[in-house]
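Here's the structure, in structure tokens; my notes come after.
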Amino acid sequence: MNTRINTRKNTRLMTGSVLAASFALLTLNVGTGLAASATPENFAQRKSETLQRIDQRINHLQTQKSCVQAATNPDLLKNCRERSKSGDRQRRQRS
């Protein structure tokens, strides 16, 4: 009985590993294919948009950090988290 359970666990682990490796390879292939076919103009635009998103995240984190630093009790700290979550949702809706 124990051998059967161990075999099932091993099979599940192997299946999960194969699926994860397959997904990683697929992602890598798709990513390199898009980058290789991009024109210089598209590259410049994607780079600019990526940097803009990074700057937005940095600003959001700085705002969140300031809020947490200013919190003087657990309720204020909780409000910081709730504001942060609502900001995350708004950014995702804009994207």
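Values in this text are rule-based calculations from the coordinates and carry no lab data. Keep in mind that what you see is a predicted model, and the values were worked out from it rather than measured. Methodologically, a virtual Cβ is constructed for each residue, glycine included, from the backbone with ideal geometry; neighbour enumeration extends over all protein chains shown.
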Any idea how far apart Lys85 and Arg46 come out in nm if each label point goes 7 Å out from Cα toward Cβ?
3.4 nm
Between Gln56 and Val68, what is the label-to-label distance in nm when each label sits 7 Å out along the Cα-to-Cβ direction?
2.2 nm
Kirkwood hydrodynamic radius (C-alpha pairs) into Stokes-Einstein, the stretch 38-86, 10 °C and 1.306 mPa s, D in µm²/s
126 µm²/s
